[in-house]
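Only one structure is covered here, and it is reproduced in the block below.
Only the coordinates and a few stated rules stand behind these numbers; no lab work does. These numbers were taken from a predicted model, which means no experiment stands behind them. Note that we place each Cβ from the backbone using ideal geometry, even for glycine, and neighbour counts take in every protein chain shown.
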Amino acid sequence: MLTTATTPLSEDVIRKALREFQLQATPEIVFAIQRYIALLLAWNEKVNLTSIRDPVEILYRHFCESMYAAVAVPSLTGRLADAGSGGGFPGLALKIARPELHVFLIESNVKKATFLAEVARELGVADTRVLVSRYEELGEEIAPIDIVCSRALGEFDRFMSWAGSERVGATQAILWVGGRDLEEVTRIAGWSWKKPIPIPQSLQRFLLIGERQN
């Protein structure tokens with residue numbers, strides 16, 4: 001089992017970052033982030049999980065930005081599917097912030113999916129399932145889904161069509177997007193989008209919260 005001695009970030013650094021994003025900084029959350037970052041850096045030597053190498057930037061860009069959805073969506077609960085989870089962002093980071101979530105991490109790359117399963121096991125998180133698949137191929141395996149989310153996935157039309165389909169039936173979507181993507185996403189039919197929420201410490205990244213229209 002990893003200990004705090006194996007992580008490059010202190011509790012104070014993590015607590016400061018979480019506060020800047022209005023996030024809880026309980027001992028459990030801080031320790032989970034420490035352990036997660038240690039695993040991420042170790043695996044990243046062989047599996048390309050993130051191009052970011054600096055631990056502080058990983059903390060801010062991956063963990064805090066992902067977990068910020070717990071602040072932006074206070075009612076965040078239920079069954080959540082993270083499409084293209086990669087290194088576990090946003091889905092697994094959100095699970096740390098909201099342990100009551102039932103999370104599906106969808107990742108087609110076998111090595112990345114193996115990493116996700118290892119982190120979930122190491123952190124001892126319950127109700128977290130890793131699915132080695134493209135999201136388009138899934139339906140009844142994850143339904144009924146309350147929330148779909150994705151970060152840097154692109155292909156928004158196809159993703160939102162899948163999310164709102166009868167076989168998935170998601171009622172809410174959370175997207176992490178750049179400023180250039182806002183117009184494209186908000187034009188997608190079948191979804192009602194709230195005003196974009198600027199992500200702290202960022203000039204051009206936003207959270208978009210969508211509700212499926214009946």
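Brief remarks on what is shown
- Qualifying residue in region 148-167 (condition: closer than 22 Å to PHE206 by Cβ, of a type in the set (Val, Ile, Thr), buried (at least 23 other Cβ atoms within 10 Å of the Cβ) and touching a helix residue (DSSP H, G or I) at 6+ places or on another chain (Cβ under 9 Å)): yes
- Selection within region 47-89 - part of a loop (DSSP other than H, G, I, E, B), in contact (Cβ under 8 Å) with a residue 24 or more places away in the chain and not hydroxyl-bearing (Ser, Thr, Tyr): VAL47, LEU49, VAL73, LEU76, GLY78, GLY84, GLY86, GLY87, GLY88, PHE89
- Region 173-214, subset of a type in the set (A, V, I, L, M) and assigned to a loop (DSSP other than H, G, I, E, B), residue nearest to ALA70 (Cα to Cα): ILE199
- Filter pass, VAL168 being over 17 Å from ARG151 (Cα atoms), in contact (Cβ under 8 Å) with a residue 12 or more places away in the chain and of a type in the set (A, V, I, L, M): yes
- Qualifying residue in region 75-84 (condition: over 20 Å from ALA170 (Cα atoms) and crowded, with 16+ Cβ neighbours inside 10 Å): no
- The residue that is farthest from PHE89 (Cα to Cα), counting only those in region 130-168 that are over 19 Å from the mean Cα position of the chain (by Cα) and among the acidic types (Asp, Glu), is GLU166.
- Being in contact with an Asp or Glu (Cβ under 7 Å, 6 or more places away or on another chain) and not aliphatic (A, V, I, L, M) is a property that holds for PRO90.
- If you go through region 151-182 and pick out every residue that is farther than 24 Å from ARG61 by Cβ and out of contact with any strand residue (DSSP E or B) (no Cβ under 7 Å at 6 or more places or on another chain), you end up with 9.
- Answer from VAL119, VAL110 - the residue that is within 18 Å of GLY91 (Cβ to Cβ), of a type in the set (A, V, I, L, M, F, W, C) and without any contact (Cβ under 8 Å) to a residue 40 or more places away in the chain: VAL110
- Against the test of being touching a Leu at 6+ places or on another chain (Cβ under 7 Å), closer than 22 Å to VAL177 by Cβ and surrounded by 17 or more Cβ atoms within 10 Å (Cβ to Cβ), the options ALA70, ALA38 yield a single qualifying residue, ALA70.
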